[in-house]
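One structure below.
The values are calculated or read from the model by the stated rules, or taken from the named source; none is laboratory data. Worth saying up front: this structure is predicted, and the values here are computed from it rather than measured. No Cβ is skipped: glycine too gets one built from the backbone with ideal geometry, and neighbour counts run over all protein chains shown. All accessible areas refer to the heavy atoms of the entire protein, side chains included, with ligands and DNA or RNA removed. Shrake-Rupley method; radii C 1.70, N 1.55, O 1.52, S 1.80 Å.
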Amino acid sequence: MNSSNLKSSITTLLNGSGQVMFQQNSWTGALFLCGIFYGACECRMPQVAWGAVIGLISATLAGIMTERKEDSGPQGLWGFNGILVGCVFPTFLSNTWGMWATLIFCSMLSTWTRTAMNRVMESRGINSLTFPFVMLTWIFLLAARTMHGFTPETLPAPELKSHFSFSLDTSIPALVTYWLKGISQVFLINSPAAGTIFLAGIAVNSRRAAIYAAAASAIALAVAIAFQADPHAIANGLFGYSPVLTGIAMGYVFTSYNLKSAIWAMTAIIATVFVQAATNMLLAPLGLPALTAPFCFTTWLFLLPGYRFFVKQQ
Amino acid sequence: MNSSNLKSSITTLLNGSGQVMFQQNSWTGALFLCGIFYGACECRMPQVAWGAVIGLISATLAGIMTERKEDSGPQGLWGFNGILVGCVFPTFLSNTWGMWATLIFCSMLSTWTRTAMNRVMESRGINSLTFPFVMLTWIFLLAARTMHGFTPETLPAPELKSHFSFSLDTSIPALVTYWLKGISQVFLINSPAAGTIFLAGIAVNSRRAAIYAAAASAIALAVAIAFQADPHAIANGLFGYSPVLTGIAMGYVFTSYNLKSAIWAMTAIIATVFVQAATNMLLAPLGLPALTAPFCFTTWLFLLPGYRFFVKQQ
Amino acid sequence: MNSSNLKSSITTLLNGSGQVMFQQNSWTGALFLCGIFYGACECRMPQVAWGAVIGLISATLAGIMTERKEDSGPQGLWGFNGILVGCVFPTFLSNTWGMWATLIFCSMLSTWTRTAMNRVMESRGINSLTFPFVMLTWIFLLAARTMHGFTPETLPAPELKSHFSFSLDTSIPALVTYWLKGISQVFLINSPAAGTIFLAGIAVNSRRAAIYAAAASAIALAVAIAFQADPHAIANGLFGYSPVLTGIAMGYVFTSYNLKSAIWAMTAIIATVFVQAATNMLLAPLGLPALTAPFCFTTWLFLLPGYRFFVKQQ
C-alpha cells in the first residue's frame with residue numbers, strides 16, 4: 001500500500017465516522033472520534049472507543065470485500081453503521097472474546113444489510129439511514145441474553161415498566177448539560193464535553209446542520225419536560241439523540257431550504273420525541289435500548305409523503 | 001368564507017366521518033356523528049364525541065395545509081383516520097391539556113401518514129385503510145405510559161394474559177345486543193342503539209354495504225362463540241368491529257360482485273376473528289388495544305393475491 | 001378422475017412435501033413423509049403425521065380452487081407451507097375438533113398468503129419462502145391462548161426468560177445425535193433416525209443440497225456450542241433446523257456455484273444461529289416458537305444485496 005492509498009483509506013474511515021451525522025468531511029469524522037475517545041475515557045469505558053474504531057474498520061473492510069470501488073465507500077457510507085455497532089457492544093456487553101468476535105461480525109453484516117435495505121427502500125425515495133445498525137444490534141443483544149459466550153452485563157433487565165415520579169433539576173446549568181448530552185448520546189456517550197466536540201465537528205462541515213442539531217436537542221428537551229417524561233432519561237440526554245438526527249436529516253440533508261420546509265422539520269423533531277417514548281415502552285419488556293430507531297422511523301414517515309414544498313430539486 | 005365554501009367544508013367533514021366505513025355520503029357521515037354523540041352520552045363520556053369532532057377537523061385541516069385541493073380531500077379521505085384518533089384518545093387517556101394537545105397533533109399526523117403509507121402501498125393495489133390511525137394511536141398510547149403530561153387512565157395494565165372461564169349469556173336478546181355492539185365498536189362506542197344508528201347510516205348510502213356489515217358482525221359472533229373466545233370481549237362487541245370493516249371492504253368496496261367473490265369475503269371475515277384474537281394476545285403484554293389492526297391486516301392479505309375472480313374491472 | 005389424473009395429483013402432493021427443503025422430486029417427498037411418520041410414531045405423536053398429510057392436502061386443494069393450473073401447483077409450491085402447518089398444530093395444540101378445523105383453515109390460508117406475499121416480494125428478487133406458514137401459525141397459536149375451542153396444550157407458557165447454566169454432553173455420539181436432530185427438526189420431528197431419512201431424501205434429488213444441509217447443521221452446532229447457547233435447545237436440534245434451510249437456500253437454490261458464493265452461504269449459516277437465538281428471546285414473552293422465521297429472515301438479508309458474485313445467471 002503506497003502513501004496515496006493509505007491517505008484515501010484514512011479519508012474513507014474518517015468519512016465513515018462523519019456520516020453518522022450525515023457529514024462527509026474527514027475533519028468532522030476526526031472530531032467525532034476525538035469526542036468518542038474523550039467521552040469514553042471520562043466515563044471510564046475506554047473499550048467503547050476501541051469498539052468504535054474496530055467496528056468502523058470491520059464495516060469498511062466488508063464493503064471493500066463485496067462492493068464495487070466506485071460505490072458509496074469513499075463517501076463513508078460503508079462505515080457509519082459499523083462505528084455505531086462498535087459503540088454499543090462494549091457499552092452493554094461484558095468484555096469477552098465473544099463480544100469482540102460478534103462486534104466484528106455484526107459490523108460487517110451492517111454494511112451488507114445496508115445494501116439489502118437500500119435495494120428495497122430506494123425506489124421509495126428513502127434510504128435505510130442507521131437502521132441496519134439498529135436492527136442487527138437488537139438481534140445480537142437479544143441473542144446475548146441466551147448465549148453465555150457474550151453476556152449482557154449492563155443491559156437493563158427485561159421488565160414490565162413500572163411507574164416513576166417526575167422530579168428534575170431544571171436550573172439553567174442543568175438544562176445546558178441535558179441539552180449537550182442529547183447530542184453526545186448519538187454515539188452513546190454520556191458527556192456534555194463530548195457533546196460540545198460533536199457539535200463543533202458538525203459546524204466544521206456545515207453551520208446549517210449544526211444549528212439544526214442544536215435546535216433539535218433543545219426542542220426535544222422542551223417537549224420532554226412539558227410532557228413530564230421519565231426524568232432520568234431526560235437528564236441523560238436520552239430524549240435528545242434521535243431528534244438531533246431527525247433535525248439534521250429533515251432540516252439539512254433531505255429537504256429543500258424554505259420556511260414551510262423548516263416548519264416540517266420542526267414537526268418531525270417534535271414527533272420524534274413521542275416516538276422515542278413509545279419505543280422505550282415497547283422495548284422495555286425485552287430489555288432492549290431504542291437506539292436510533294425513533295429517528296429512522298420518524299424520518300421515513302416525514303419523507304415518504306413527498307410533498308412538493310420540501311422535496312429537493314435535483 | 002362564503003356560504004358555498006362553508007357548505008363544501010361541511011361536506012368534506014361529513015364525508016370524513018362516513019369514510020370510516022367507506023361511505024362517501026354526507027348523510028351517512030351525519031348519522032355516524034349522531035350515533036357517536038348518542039353512544040358517548042349513554043356511556044357518560046361526552047368527551048369522546050367532542051374528541052371525534054376535533055380529530056376530524058384537525059386531520060382535515062392538516063390535509064388542507066399540505067395537499068393539493070383536487071386530491072382526496074373532498075371525498076373525506078383526509079378525515080376518517082382523525083375522527084378515529086379523536087374517539088380513542090378520550091376513551092383511554094385522562095382529560096388533561098396534554099391529552100387534547102396530542103389528540104390534535106396525532107390527528108394531523110394521521111393525514112400525513114396516510115399519504116406516506118399509500119405511496120408505498122398503492123403500487124401493490126392496496127391502500128393504508130385505517131392503519132395510519134392504528135399505528136399512530138399505538139405510538140401515543142405507549143408514550144402516555146411514560147409521560148405524565150397525558151396519562152393512560154382506563155388503558156388496561158400491561159400484563160401477561162391469564163386464563164378465563166367461558167360463560168356467556170346466549171339468549172336471543174343478549175345475542176342481538178352483542179351483534180349490534182359489534183357494529184358500534186367500530187367507533188369505540190359500546191351501545192346497541194348507536195350500532196343501529198351506524199347501520200342505518202350505512203344503509204342510507206348502500207344497502208349492499210349495510211348487509212355485509214350486519215352479516216359480518218353475525219358471522220364473527222358465531223365464530224367467536226363456537227371457538228369459545230373471551231366472553232367479556234364477545235359481550236362488548238370486541239370480536240365484531242374488525243370483521244364488520246373487513247366485510248364492507250371485501251364485500252362492497254374492493255371486489256367485484258359474484259358468488260366466488262362473496263365466498264372470498266366470507267372467508268376473510270372468518271379469518272379476521274382469529275387475527276383479532278391473536279392481536280389481542282400479542283398486545284396484552286404491552287397493555288395496548290388492537291384497534292382496527294386485524295381488519296387492515298386481513299384485508300391486505302385477501303386483496304394482495306389479486307385472483308381474477310374478485311378483482312374489480314376498472 | 002382417471003389414472004393419469006390420479007398420478008399427477010399424487011406427484012403434486014409429494015412435490016409439496018419435497019419443496020419444504022426445496023426439492024422438486026416425488027421420491028424426496030415420499031422419503032420426507034416416511035421420516036415424518038417414523039419420527040412421529042417414535043415420539044408417540046402419530047397425530048403429527050396425520051396433521052402433515054391433511055395440511056398438505058388442504059393447502060393443495062386451496063391452490064386448485066383459486067389458482068390457474070399452469071401456476072406453481074405441479075412443482076409442489078402449493079403444499080409445502082401446508083404440510084408444515086400440519087406438523088405444528090398437533091405438536092402444540094390439544095387434539096380437539098377445533099384444532100383440526102383450524103389446521104385445515106390455516107393450511108388453506110397458507111397457499112393464498114404465499115401468493116399475497118410473493119406479489120410484494122418477487123419484484124425484489126426474493127420470495128416468501130416458508131414465511132406464510134410461520135406468520136399464520138403464529139396467529140393461530142396466539143389465538144389458541146384466548147379461545148377455548150382449541151387450546152395450547154404443550155405450548156411453552158409466556159414468560160420473561162430466566163437464566164440457565166450451560167452443561168451439555170459433548171461426546172461424539174451425543175454430537176451426532178444433535179446434528180441429525182438439527183435436520184429432523186425442519187419438520188418439528190425430534191428424532192435422529194428421521195433426520196437420517198430426511199438427509200437421504202435430499203440426496204436422492206441433489207447431493208449438493210444434501211452436503212449443504214449436513215454442513216449447515218454441523219456449523220450451527222459448532223457456533224451454538226462455542227457461544228454456549230441454551231443446552232436444552234442445542235440437544236434437541238433447535239439451533240440446527242433454520243441454518244439447514246438457510247444452507248440449502250444459499251448454497252444450492254438461489255446462488256451460483258463458486259468459492260466466494262460458498263463463503264457467502266457459510267456466513268449466512270452462521271448469522272442464522274444468532275438470529276435464531278434472538279428470535280427465541282423475542283418470542284419468549286409471548287410463549288411462541290420461532291418456527292422457520294430465522295431462516296426466512298436471514299436468507300432475505302443475504303439475497304437482497306444482489307452482489308454479482310452470487311447472483312445466478314439466468
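The table below gives the values:
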{"quantity": "Overall form of chain C per C-alpha gyration tensor (a/c, 1.5; a/b vs b/c)", "calculated": "rounded"}
{"quantity": "With 10 Å bins from 0: P(r) over region B:175-314, alpha-carbon pairs, percent", "calculated": "14, 44, 33, 9, 0"}
{"quantity": "Cα gyration tensor, region B:101-238 - rounded (a/c under 1.5), prolate or oblate", "calculated": "oblate"}
{"quantity": "³J(HN,Hα), Karplus 6.51/-1.76/1.60, whole Hz, each residue of region B:205-213, x for Gly, Pro", "calculated": "8, 7, 5, 4, 4, 5, 4, 4, 4"}
{"quantity": "Per-copy distances of the B:Ala262 label point, shortest first, in nm (7 angstrom along Cα→Cβ)", "calculated": "6.1, 6.1"}
{"quantity": "Values of log10 I(q)/I(0), in the order q = 0.16, 0.20, 0.34 Å⁻¹, for region A:94-133 under a Debye, Cα-only, solvent-free model", "calculated": "-0.47, -0.60, -1.03"}
{"quantity": "Percentage relative contact order, region A:145-288, counting C-alpha pairs under 8 Å, at least six apart", "calculated": "30 percent"}
{"quantity": "Over chain C: helical MRE at 222 nm, DSSP H runs n ≥ 4 each giving -39500 (n - 2.57), nearest 500", "calculated": "-21500 deg cm²/dmol"}
{"quantity": "For chain A, built as a Gaussian network whose Cα springs stay under 10 Å, the top-fluctuating residue of A:Leu103, A:Leu93, A:Leu245", "calculated": "A:Leu93"}
{"quantity": "Residue range of chain A that is longest and free of GluC sites (Glu not before Pro) which are both DSSP loop and sparsely packed (at most 15 other C-beta within 10 Å)", "calculated": "A:160-314"}
{"quantity": "Viscosity 0.890 mPa s, 25 °C: Kirkwood-radius Stokes-Einstein D of the protein assembly as shown over Cα pairs, µm²/s", "calculated": "84 µm²/s"}
{"quantity": "Chain B: relative contact order in percent, alpha carbon pairs under 8 Å with at least 6 residues between", "calculated": "18 percent"}
{"quantity": "Radius, Kirkwood style, for region C:42-119 when every pair of distinct Cα atoms is counted (Å)", "calculated": "12.4 Å"}
{"quantity": "Inter-copy separations for B:Val176, label at 7 Å along Cα-Cβ, nm, ascending", "calculated": "7.3, 7.3"}
{"quantity": "Charge sum, other residues only, whose C-beta stays under 14 Å from B:Ile248's C-beta, Lys/Arg counted +1 and Asp/Glu -1", "calculated": "+2"}
{"quantity": "Over 18 Å between alpha carbons, listed pairs C:Lys181/C:Lys260; B:Lys181/B:Lys260; A:Lys260/A:Lys312", "calculated": "C:Lys181/C:Lys260; B:Lys181/B:Lys260"}
{"quantity": "Simple spin-label estimate for C:Ser8 and C:Phe309 in nanometres, 7 Å along Cα-Cβ", "calculated": "4.5 nm"}
{"quantity": "3J(HN,Hα) from dihedral phi, region C:242-247, Karplus parametrisation 6.51/-1.76/1.60, rounded to Hz, x for glycine, proline", "calculated": "5, x, 4, 5, 4, x"}
{"quantity": "Surface accessible to a 1.4 Å probe, C:Ser256 within the full protein complex, Å²", "calculated": "30 Å²"}
{"quantity": "Cα centroid separation, region A:265-314 to region A:192-251 (Å)", "calculated": "14 Å"}
{"quantity": "Under DSSP loop assignment and at most 16 Cβ neighbours within 10 Å, longest trypsin sites (Lys or Arg not before Pro)-free interval of chain C", "calculated": "C:70-307"}
